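S.K.: Submitted below is the structure of interest, expressed as structure tokens.
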Amino acid sequence: MLRRTAAVAFVVASLMAVISPSASSQSKPLAYSNYLPPTHASNRYALEPLFDTVRKETNGSLKIELHPGGVLVGGKGTASAIRDGLVDGGFIVSLYHQNEIPLNTLMSDLALLAEDPLSAMGAVNETVLLGCDECLREYRKYKTVYLGAYATTPYVLMCKTPVAGLADLKGLKMRAAGTVYGRWAAKMGGVPVNIPNAEAYEALERGQLDCMIGALSWMQTLSLWDVTKNAIDLPMGAYLGGAFLAFNERSWKAIKESDREVLVKHVPAALAALAVGYVKDDEDVKSQGRSKGVEIRQPDAALKKLLEEHREAEIQAAIEAARKRGVKDPEPLARTFVEKLKKWKAIVAETGTDQAKFEQALRREIYDKVKF
């Protein structure tokens, strides 16, 4: 019996040595998981070019293989997969791990404060990397090295019927992910519905949804412009935070120092490309949408005022949510993030969407000051 147990243990250990990416030597590609589809902006603008550049600059010494579309692990399982070494790295979405990384989730809960991907990206990365040791410790508990986060373009309201203000929205069923957007949908008089993006097209087609709260680029990437011809041009916050670039500690340490330096050197460029790429995708939809019959309307004064008031209330709501998740003193982090967001709005007012200038700002203000 003992011999049989030992034999089984040997076989299992041998298999793990073969399939576990973290056990791989540097000559083998590191496995990086992103649950988002291959065509998503995060893959096209950031991860694919980043990993390709690193491979070339290290002469193949560091190879990172991107696995998009959740083929290795879904979004909800990424944090534990990195911790356990089932993948070498991946995109950790804070909203899927609210209790495990409550401080980092606090910033994601301030989503409605975000007005553009550049300033939000700058603010969250400076807050985590330079102003919140406890945020980094939350990731270290998951044996994870945090390199950076991202933010989407502002969410807008896209509906099947013409909409412009509060009077048009009462009773409409709105796809609203998470509690933050659930509250906002209800505040507008709508009925929040939490379903995956992948099911949105069919839900709109069947009448299970009337509207979507999301990035305008989804009109194209999810083909929503086939079933939603109306949008309100009012920024309703955005997704931000989490760990877009994150690696298993063991895998990270297995990379030789010179190769790690190459990877870190190109992180600001990848993040800048993603932020500017998101903006480009939205602009493409605005121009192409006309041929699809899409109408983008300005919001009425009542809706703009409601959003402004709701944003202020969301700060306290995020603080209270963090307390419920076990954070003893969440106010300082909330204040820091709000201050950094103000700072980065001023920076972006100068850089605009000039990718090179924004990359330089990320380096100057954050990445030149961090040792990974």
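S.K.: May I ask for the distance between the Cα centers of the range 298-372 and the range 74-138, given as a whole number of Å?
M.R.: Cα centres, the range 298-372 to the range 74-138: 14 Å.
S.K.: May I ask for the net charge around Gly85, where only other residues with Cβ less than 10 Å from the Cβ of Gly85 are counted and Lys, Arg are +1 while Asp, Glu are -1?
M.R.: On the way: positive: Arg83, Lys143, Arg250; negative: Asp84, Asp88, Glu249.
Taking every Cβ under 10 Å from that of Gly85, the sum is 0.
S.K.: Here's another thing I want to ask about it. Computed on alpha carbon atoms, what radius of gyration and Dmax characterise the range 166-231, expressed in Å?
M.R.: Cα only, the range 166-231: 11.0, 29 Å (Rg, Dmax).
S.K.: Still on this structure, I have one more. Within 11 Å, Cβ to Cβ, of Tyr142, how many net charges do the neighbouring residues add up to if Lys/Arg are +1 and Asp/Glu are -1?
M.R.: Charge balance near Tyr142 sits at +1.
S.K.: Counting only C-alpha contacts under 8 Å and six or more residues apart, can you give the relative contact order of the chain as a whole percent? Each step should come with its number before you reach the end.
M.R.: On the way: 661 pairs, mean separation 88.2, N = 372.
Taking the mean separation of contacting Cα pairs over the length of the chain, I get 24 percent.
S.K.: Another question, then. Take Glu65 and Thr221, extend 7 Å from each Cα along the Cα→Cβ direction, and tell me the distance between the two endpoints in nm.
M.R.: With each label placed 7 Å out from Cα toward Cβ, I get 2.5 nm.
S.K.: What is the sum of charges around Tyr32, taking Lys and Arg as +1, Asp and Glu as -1, for the other residues whose C-beta is under 11 Å from the C-beta of Tyr32? List each step's numbers first, then the result.
M.R.: Numbers: positive: Lys63; negative: Glu48, Glu65, Asp88.
Net charge in that neighbourhood comes out at -2.
S.K.: Taking a ≥ b ≥ c as the square roots of the Cα gyration tensor eigenvalues, with a/c under 1.5 meaning rounded and otherwise prolate when a/b beats b/c, else oblate, which class fits the range 253-309?
M.R.: It is oblate, given that a/c is not under 1.5 and a/b is not larger than b/c.
S.K.: If I model a spin label as a point 7 Å beyond the Cα along the Cα-Cβ vector, how far apart are those points for Glu331 and Asp84 in nm?
M.R.: Using points 7 Å along Cα→Cβ, the separation is 4.1 nm.
S.K.: Taking every eigenvalue of the Cα gyration tensor of the range 232-362, multiplying by 5 and rooting it, what semi-axes result, largest first, whole Å?
M.R.: Values: eigenvalues 199, 135, 43 Å².
Over the Cα atoms of the range 232-362, the ellipsoid semi-axes are 32, 26, 15 Å.
S.K.: Here is a further query. So for the chain, taking the charge dipole from beta-carbon charges (+1 Lys/Arg, -1 Asp/Glu), which of Tyr142, Ala215, Leu307 sits furthest toward the positive end?
M.R.: It is Tyr142.
S.K.: Further question: With runs of 4+ DSSP H residues as the only contributors, calculate the mean residue ellipticity of the chain at 222 nm using -39,500 (n - 2.57) per run, divided by the residue total and rounded to the nearest 500. Intermediate results must be reported in sequence, preceding the final value.
M.R.: Working: 15 runs with 183 residues, N = 372.
Mean residue ellipticity at 222 nm (helix-derived): -15500 deg cm²/dmol.
S.K.: Of the listed values (i) 36, 23, 21; (ii) 34, 26, 17; (iii) 29, 26, 19, identify the label whose number matches semi-axes √(5λ) of the Cα gyration tensor in Å calculated from this model.
M.R.: Label of the calculated value: (i).
S.K.: Related question: So, by mean Cβ neighbours within 10 angstrom, what's the order for 54-63, 136-145 with the highest one leading? Each step should come with its number before you reach the end.
M.R.: Numbers: 54-63: 15.4, 136-145: 17.6.
Descending mean neighbour count gives 136-145, 54-63.
S.K.: So, by mean Cβ neighbours within 10 angstrom, what's the order for 164-174, 41-51, 71-81 with the highest one leading? Walk me through the numbers before you get to the answer.
M.R.: Values: 164-174: 16.7, 41-51: 20.6, 71-81: 18.7.
By packing density, highest mean first, the sequence is 41-51, 71-81, 164-174.
S.K.: Separate question: Listing Ile82, Ile366 from the residue with the fewest other Cβ atoms within 10 Å to the one with the most, what is the order? The partial results should precede the final answer.
M.R.: On the way: Ile82 31, Ile366 20.
In increasing order of surrounding Cβ atoms, one gets Ile366, Ile82.
S.K.: Run the simple label-point estimate for Glu57 and Thr161 please: 7 Å along Cα→C-beta, distance reported in nm.
M.R.: For the pair Glu57/Thr161, the computed spacing is 5.3 nm.
S.K.: For the range 146-305, how big is Rg over Rh, using alpha carbon atoms and the Kirkwood form of Rh? Don't skip to the end; give the middle numbers.
M.R.: Details: Rg = 18.6 Å, Rh = 17.3 Å.
We get a ratio of 1.08 for the range 146-305.
S.K.: When the Kirkwood radius is taken over all Cα pairs of the range 84-153, what Stokes-Einstein diffusion coefficient follows at 4 °C and 1.567 mPa s, in µm²/s?
M.R.: Numbers: Rh = 12.6 Å.
Answer from the Stokes-Einstein relation: 102 µm²/s.
S.K.: I'm checking a number: the convex hull volume of the Cα atoms of the range 120-231, normalised per residue, in Å³. What is it? Provide the component values of the computation, followed by the final result.
M.R.: Details: hull volume 14.3 nm³, N = 112.
Residue-normalised Cα hull volume stands at 128 Å³.
Each value in this text was obtained by applying a stated rule to the coordinates, not by laboratory testing. In this text the structure is predicted, and so the values were computed from the model without any measurement. Note that we place each Cβ from the backbone using ideal geometry, even for glycine, and neighbour counts take in every protein chain shown.
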